[in-house]
Amino acid sequence: RKIGHRFYRVMMRSAVKLSYQQAQAAIDGQPDDTAGMYLETVLKPLWHAYGVLKRGRDKRQPLELDMPERKILLDDKGRVDKVVVPARLDAHKLIEEFMILANVAAAEALEAKRQQLIYRAHDAPSLSKLEGLREFLNTLEIPLAKAGSLRPSHFNQILSRVKGGDNESLVNEVVLRSQSQAVYTPDNLGHFGLNLARYAHFTSPIRRYADLIVHRALVTALGLGEGGLSKEDEELLAETAEEISRAERRAMAAERDTVDRLIAHHLAERVGETFDGRIAGVT
């Protein structure tokens, strides 16, 4: 459990640039020259801290969907070369856990100062989606708890029942579809998937405008100088949050369309061939 946090407005100097693979290899006993220099002083303490943090995560029991990320690799002419599933390393999970904790700390700090902010909210699944999920799970003879009492741990129990079986990827996908979509909002709805009471994106201001809003809110709330949120910014927070959520959905749709086009082009010369497939849903 986090027992305290502090925020500073500082310039950070990175001691070394390591890839996830380099850091993981060093921890696994195969450090290269660069990672080896920081193994005892940085990497091992970092991994120890992650081990402590993971105990808290295991108790909290967030939603543990197993959806391997597929990456499309292109050749030098921009065509699909191959599709790979990158390994999910402890190094990835470590960074993820520290980012989540920083996001929680940011939300707590701003609430303590009664400062308006934009939350990353993820509501519980809707009744209609749960009903669809219940019907699907009935075909596999898997029960689903009543809507009012559902927690992420209930979904995890379902996922553990199908782990390693023929229906594992299908059940993971259908459970994912049953979840509400995460949004940006000035209202704290909590984060169902992460099983957190408050959560504000804070750790990647270069990538998301919401992160920058939270940074500026901290500048205002903690009196850290220029560049904070103005009164006008605060009055427009609901509108801003809605616009950011729309932009996120647009980006996701653009990514899906791009993948569909690349795959369609990849398969264009293979019309008439036979492939193995999996039915992921029927409407």
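Kindly check whether there is at least one residue in the range 82-92 that is modelled with pLDDT of 95 or more, more than 22 Å from residue 245 (Cα to Cα), outside any loop (DSSP other than H, G, I, E, B) and more than 13 Å from the chain's Cα centre (by Cα). Checked the range 82-92: at least one residue is modelled with pLDDT of 95 or more, more than 22 Å from residue 245 (Cα to Cα), outside any loop (DSSP other than H, G, I, E, B) and more than 13 Å from the chain's Cα centre (by Cα). Only one residue in 254, 221, 217, 238 is within 22 Å of the chain's Cα centre (by Cα) and either small (Gly, Ala, Ser) or within 15 Å of residue 200 (Cβ to Cβ) (or both), so which one is that? Result of the check over 254, 221, 217, 238: 254.
Residues checked against (1) aromatic (Phe, Trp, Tyr); (2) surrounded by 10 or more Cβ atoms within 10 Å (Cβ to Cβ); (3) touching a Ser or Thr at 6+ places or on another chain (Cβ under 6 Å); (4) within 30 Å of residue 221 (Cα to Cα):
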{"site": "65", "(1), (2), (3), (4)": "no, yes, no, no"}
{"site": "75", "(1), (2), (3), (4)": "no, no, no, no"}
{"site": "84", "(1), (2), (3), (4)": "no, yes, no, no"}
{"site": "89", "(1), (2), (3), (4)": "no, yes, no, no"}
{"site": "102", "(1), (2), (3), (4)": "no, yes, yes, yes"}
{"site": "122", "(1), (2), (3), (4)": "no, yes, no, yes"}
{"site": "130", "(1), (2), (3), (4)": "no, yes, no, no"}
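Looking at (1) surrounded by fewer than 19 Cβ atoms within 10 Å (Cβ to Cβ); (2) in a helix (DSSP H, G or I), which is the only condition residue 218 fails? Unmet condition: (1). Here is a check on your reading of the model: is residue 161 open to solvent by 30 Å² or more (accessible area, probe 1.4 Å) and not in a loop (DSSP other than H, G, I, E, B)? So residue 161 passes the test. Here residue 69 passes the criteria (1) exposed (fewer than 15 other Cβ atoms within 10 Å of the Cβ); (2) within 30 Å of residue 218 (Cα to Cα) except the one numbered (2). Of all residues being assigned to a helix (DSSP H, G or I), of a type outside the set (A, V, I, L, M, F, W, C) and out of contact with any helix residue (DSSP H, G or I) (no Cβ under 7 Å at 6 or more places or on another chain) in the range 164-190, which is farthest from residue 252 (Cα to Cα)? Just the residue, please. The extreme case among them is 169. Do we find that residue 193 is over 14 Å from residue 120 (Cβ atoms) and either open to solvent by 60 Å² or more (accessible area, probe 1.4 Å) or in a loop (DSSP other than H, G, I, E, B) (or both) in this structure? So residue 193 does not fit the description; no.
Counting residues in the range 127-134 that are over 21 Å from residue 4 (Cβ atoms), assigned to a loop (DSSP other than H, G, I, E, B), hydroxyl-bearing (Ser, Thr, Tyr) and free of Cβ contacts under 8 Å to residues at least 60 places away in the same chain gives zero.
When residue 143 is tested against (1) at pLDDT below 95; (2) part of a helix (DSSP H, G or I), only condition (2) is not met.
Checking residue 198 against (1) closer than 13 Å to residue 120 by Cβ; (2) in a helix (DSSP H, G or I); (3) among the basic types (Lys, Arg): exactly one of these is not met. Which one? Every listed condition holds for residue 198 apart from (2).
If you go through the range 255-277 one residue at a time, do you hit one that is surrounded by 14 or more Cβ atoms within 10 Å (Cβ to Cβ), hydroxyl-bearing (Ser, Thr, Tyr) and modelled with pLDDT of 95 or more? Scanning the range 255-277, I find no residue that is surrounded by 14 or more Cβ atoms within 10 Å (Cβ to Cβ), hydroxyl-bearing (Ser, Thr, Tyr) and modelled with pLDDT of 95 or more, so the answer is no. The residue of the range 19-57 that is most open to solvent (accessible area, probe 1.4 Å), among those that are part of a loop (DSSP other than H, G, I, E, B) and within 16 Å of residue 93 (Cβ to Cβ), is 28.
The values are calculated or read from the model by the stated rules, or taken from the named source; none is laboratory data. Keep in mind the model is a prediction, meaning the values are calculated, not measured. Note that we place each Cβ from the backbone using ideal geometry, even for glycine, and neighbour counts take in every protein chain shown. Remember, those area values only see protein heavy atoms, side chains included, never the ligands or the DNA or RNA. Shrake-Rupley method; radii C 1.70, N 1.55, O 1.52, S 1.80 Å.
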